Amino acid sequence: MSSRALFTLFCLAANLSAQSSATLTIRTTEPGPKVQRQIFGQFAEHLGFGIYGGIWVGEDSKIPNTRGYRNDVLNALKRIHVPVVRWPGGCFADEYNWREGVGPRSKRPVKINTHWGGVTEPNSFGTHEFMDFAELLGAEAYVSGNVGNGSPREMAEWVEYLTSPAGSLADERKANGRPNPWQLPFFGLGNELWGCGGNMRAEYAADVTRRYSTFIKPPKGVKVMKMASGPTDSDYHWTEVMMRDASRHFDGIGLHYYTLPGNWKVKGPAYGFDETAWAKTLAATLRLDDYLTRHSAIMDKYDPPKRLWLGVDEWGSWYDPEPGSNPGFLQQQNTLRDALIAALNINLFVKHAARVKMANIAQMINVLQAMIFTRDDRMVLTPTYHVFDMFQGFMDSTSLPHTLQSPWYSKDQFVLPALSASTVQDASGKILTGLANTDPNRPLPLTISLNGRTPKSLSGSILSASAMDARNTFEQPSALAPAPFTGGKIEAGSIRLTLPPKSVVVLTIE
Ligand code: AHR
């Protein structure tokens, strides 16, 4: 490198580190792709207390319930308008036999959940219980089929049982209490075929996907989107091969990406971590940006009109299990750091809205980056739940491009922009922006300008706390909750505000 180039680089670095405020210019006259409500989807697996105790307690439970579903959880989920729920797994789906989960509950076989804790699986929550749950929530169903150890015939019959108005399987469904077919907007052609779904090579998985897909035949006029099992992280070869060899046989493909502060052996604690772990975790989450860019580019090569959905159908934080819990149950606390992870991920989904049309956080209740915890008859809403609540206005909005200048936040070798932002316009014309200050120490002054509009009013909500690992517990369920954001004002046609350290803010601008 020439000395002149080095000098320029030095000036740039010095300038960036000196910059202490951020600017965000929203280009309001250049509407971008739609932000599908399905990016706020969730994932509920037969894993630990994800289903049993979390969603389902059974009709005879002392815990207040509606036909066996906990009322507190139902109501909390209804409040955030969950758009879509993926079920029954995950790795659980790769061994699931749907036939064992229909018919009188007392006659259903009790199996061993070989993936998750080796505990017994009573099968009392099966197809009817899930589909009714989704209907009660007003959510779309995303049923994940078993390509792992199930046959194409089993899978085809499951789809027929779910969607057919006539025939023996429809009669059986009627006899089991459901006369009308259900809506089945999404059906998964297996899960993690590269891992617990069969340890396949991409080339083999593409052929298997073609084969299973052939036998998914919903009735005439009924659309079921077939979601293929996609890559993990940066496995671009997987995407390339699936797109090249099988994309005519599916409507979407699912990427899985988990945020770990450490590695798969030692992931790191969910709370009680230091600032290095904070920075490292948020930097790990932001890697998704590059993954989405590159997987999308491969999809663009084979699907220029963007017919196919990229669904991030498993995402979230994964830490060491909660001390004292069954390690196979993947129970972990959820802190302010998880709120930041949620906001950063949502902002990335919006940024990539041209291709990312669905995302399912792992998971809904009591598992991994959970939205909700339950213990007996008590319930806690996590910081992640609150972020989903704050972003509700983004569902089915239109993305708006923006230009962002931000100072860097760095700790040790981890360097990331202090500001993360997404910008959209809702159906009524209001502009919404989702903001996060990743710096746990310094407030971030921010000026927002609207290219093509003059802001008239401003409102919003904020989630923040003084501790990086602030959290809600059964003893203190409301330690961390959103509050109205009052730290902004309109001045000379721009919006000026200060984002407190480690905060998530969602603003509505009229
Ligand atoms: O969400 C937990 C597990 O993570 C899922 O079962 C599997 O698909 C993934 O590896």
Task: Filtered residues of the stretch 400-411 (kept if open to solvent by 10 Å² or more (accessible area, probe 1.4 Å), assigned to a strand (DSSP E or B) and not charged (D, E, K, R)) - done: HIS402, THR403, LEU404, GLN405, TRP408, SER410
TODO: For PHE250, state whether it is out of contact with any Leu (no Cβ under 9 Å at 6 or more places or on another chain), touching a residue at least 12 places away in the same chain (Cβ under 8 Å) and more than 16 Å from the ligand (Cβ to nearest atom).
DONE: no
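Check whether at least one residue in the stretch 312-319 is among the hydrophobic types (A, V, I, L, M, F, W, C) and assigned to a helix (DSSP H, G or I), and report yes or no.
Within the stretch 312-319 (the criterion being among the hydrophobic types (A, V, I, L, M, F, W, C) and assigned to a helix (DSSP H, G or I)), the answer is no, since none of the residues qualifies.
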Open item on the list: Based on this model, can you work out whether GLY393 counts as on the phi > 0 side of the Ramachandran plot, open to solvent by 10 Å² or more (accessible area, probe 1.4 Å) and not in a strand (DSSP E or B)?
Closed with: no
TODO: Would you be able to say whether some residue in the stretch 347-364 is small (Gly, Ala, Ser) and surrounded by fewer than 24 Cβ atoms within 10 Å (Cβ to Cβ)?
DONE: yes
Task: Test for TYR204: is it without any contact (Cβ under 8 Å) to a residue 60 or more places away in the chain and among the aromatic types (Phe, Trp, Tyr) - done: yes
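Out of the residues in the stretch 417-442 that are in contact with a strand residue (DSSP E or B) (Cβ under 7 Å, 6 or more places away or on another chain) and among the aliphatic types (A, V, I, L, M), state the one that is farthest from ASP396 (Cα to Cα).
The extreme case among them is ALA418.
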TODO: Filter the stretch 385-432 down to residues that are among the hydroxyl-bearing types (Ser, Thr, Tyr) and in contact with a Ser or Thr (Cβ under 9 Å, 6 or more places away or on another chain) and give me whichever is farthest from THR28 (Cα to Cα).
DONE: SER410
TODO: Could you please let me know if ALA418 is in contact (Cβ under 8 Å) with a residue 60 or more places away in the chain and over 23 Å from ILE448 (Cα atoms)?
DONE: no
Task: Unmet criterion (only one of (1) of a type outside the set (A, V, I, L, M, F, W, C); (2) over 15 Å from the mean Cα position of the chain (by Cα); (3) assigned to a helix (DSSP H, G or I)) for TYR385 - done: (2)
Task: Top-ranked residue of the stretch 254-276 - restricted to ones that are away from the ligand (no atom under 13 Å from the Cβ) and open to solvent by less than 20 Å² (accessible area, probe 1.4 Å), ranked as farthest from GLN42 (Cα to Cα) - done: GLY268
Task: Qualifying residue in the stretch 29-52 (condition: assigned to a helix (DSSP H, G or I), open to solvent by less than 80 Å² (accessible area, probe 1.4 Å) and modelled with pLDDT under 95) - done: no
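The values are calculated or read from the model by the stated rules, or taken from the named source; none is laboratory data. Computed from a predicted structure; not experimentally measured. Backbone-built Cβ (ideal geometry, glycine too); neighbour counts: all protein chains shown. Protein only, heavy atoms only, side chains kept; ligands, DNA and RNA dropped before computing areas. Shrake-Rupley method; radii C 1.70, N 1.55, O 1.52, S 1.80 Å.
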